[in-house]
Amino acid sequence: MRRLAVLLRQNRGFLVLLLGFGLIRTAVADYNPIPSGSMHPNILEGDVVLVNRLAYSVKVPLTDIIVARLAEPGRGDIVTFTSPQDGRRLIKRIIGLPGDRIAMHDKRLTINGEAVSYVPVGQDADLETGGRTFRAQQLMETADTGSHRIQWLDGVRNAADFGPVVIPEDRYLMLGDNRDNSADSRYIGLVSRERLTGRAERILVSVDMTGNWLPRFARFGQSLYR
């Protein structure tokens, strides 16, 4: 015990630094490594994204207990949250807000009776889970609050139809931008507000983890909202 006390005393500055970093990461800002392709083409495997934990709420550190609400989540926000299915940390885009009526038919969304606009912007190859490569059709999806790029996979129809669903109070409908390869609200259900960790803001660093593991310097510091 005496040896432990001496070690703690000798390293108290470093321990305080670690504690402070831990509190900042659990209460203010966080970083989130991306292991999957569910947010292609905007977020890639090997990206590490900066998450603003104070974007919507102040929480008791290390818990989902909300102390104060700071702002309302918006449609199109990319957020991290704990899955209501198994508690894993996920990153998806908010599509449905409380009170919205959301439906999807043949991969195309309708929000509150208004059809969402889709404009093709290109093609790419996409490696789906299981090692199969598909041709990805990339489109600009435009709703009432703005536009963002998504993609569909040729020959794949994973949960291409649902709803209409009316979103209850303090619940959100999440979709991945890679619509045919994303375990989102179509599979895990709606996400409650207290499960939201924060708003993903930008890419801190990036490496090509599906290829040569070299840094992708062009992605460093890139905003997730363009």
Inset, instruction - Once you've got the GNM for the chain with C-alpha springs shorter than 10 Å, pick whichever of Ala115, Ala103, Ala71 has the biggest mean-square fluctuation. - result: Ala71
Inset, instruction - Please give the length that would be gained between Asn212 and Asp144 if that part of the chain were fully extended, namely 0.36 nm times their separation in residues minus their C-alpha to C-alpha distance (nm, one decimal). - result: 20.5 nm
Legend entry - Where N is the number of residues in segment 45-174, Cα Rg divided by 2.2 N^0.38 Å: 1.18
Legend entry - Relative exposure of Ile150, Ile78, Ile167, judged by other C-beta atoms within 10 Å (fewest first): Ile167, Ile78, Ile150
Legend entry - Loop chymotrypsin sites (Phe, Trp or Tyr not before Pro), segment 147-226 (other Cβ atoms within 10 Å of the site Cβ: 12 or fewer; DSSP): Trp213
Inset, instruction - With r as the distance between the Cβ atoms of Leu70 and Ser223 and R0 = 35 Å, compute the FRET efficiency 1/(1 + (r/R0)^6) and round to 0.05. - result: 0.95
Inset, instruction - Over all alpha-carbon pairs of segment 2-219, lay out the pair-distance distribution in 10 Å bins, whole %, shortest bin first. - result: 8, 30, 33, 18, 7, 3, 1, 0
Inset, instruction - Using label points projected 7 Å from each Cα along Cα→Cβ, tell me how many nm separate Arg88 and Arg132, to one decimal. - result: 1.9 nm
Inset, instruction - Excluding Thr133 itself, calculate the net charge of residues whose Cβ lies under 15 Å from the Cβ of Thr133, where each Lys or Arg counts +1 and each Asp or Glu counts -1. - result: -4
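No value in this document is a laboratory result; all are computed from the given coordinates. No experiment lies behind these values; they were computed from the predicted model shown. Quick reminder, even Gly has a Cβ in these numbers, built from the backbone with ideal geometry, and neighbours come from all protein chains shown.
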